[in-house]
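The values are calculated or read from the model by the stated rules, or taken from the named source; none is laboratory data. Values in this document were obtained by computation on a predicted structure and should not be read as measured data. Note: ideal-geometry Cβ built from the backbone for every residue, glycine included; neighbour counts use all protein chains shown.
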Amino acid sequence: MKSNELRLLGNKGPKEESSLISFEQYVRLALSHAEFSQNADGSWTAEIPVLPGCVTWGTTRSEVVEMARDAVEAWVFTALRFGDEIPVIDGNSLQDAVDEVETEV
């Protein structure tokens, strides 16, 4: 891969029967699995169990909801960037994408 190319390929490995959905749909679906809990200090934690290791926190419930969206988006972008497998959620897969990024060195 050339240095001026960013290759985003989700769902490596064997394909299972699933529907392909857009990035925004995938984020919303992942967020529908979010588990919110209030901590002893009054802050909030959100865990998205369908995306391993995707956890965030906020000082209020509304802040943690925003942070959860950011965490899911960052989790997916990072997995795509490094060629990691994107989990199928409820029978839905993220569409594969290939983008070229022009960079001046």
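Considered as a group, the residues in the range 43-65 that are in a helix (DSSP H, G or I) and out of contact with any Gly (no Cβ under 6 Å at 6 or more places or on another chain) include one that is surrounded by the fewest Cβ atoms within 10 Å (Cβ to Cβ), and that residue is Ser62.
Filtered by the rule that a residue be over 14 Å from Ile48 (Cβ atoms), touching a helix residue (DSSP H, G or I) at 6+ places or on another chain (Cβ under 9 Å) and surrounded by fewer than 17 Cβ atoms within 10 Å (Cβ to Cβ), the range 78-93 gives Asp84, Glu85, Asn92.
The residue that is modelled with the highest pLDDT, among those in the range 9-37 that are crowded, with 16+ Cβ neighbours inside 10 Å and assigned to a loop (DSSP other than H, G, I, E, B), is Ala34. The single condition among (1) within 18 Å of Ala79 (Cα to Cα); (2) in contact with a Ser or Thr (Cβ under 6 Å, 6 or more places away or on another chain); (3) of a type in the set (S, T, N, Q) that Gln25 does not meet is (2).
Given Ala40, Ala74, which one is exposed (fewer than 12 other Cβ atoms within 10 Å of the Cβ), hydrophobic (A, V, I, L, M, F, W, C) and modelled with pLDDT of 95 or more?
Residue meeting the stated conditions: Ala40.
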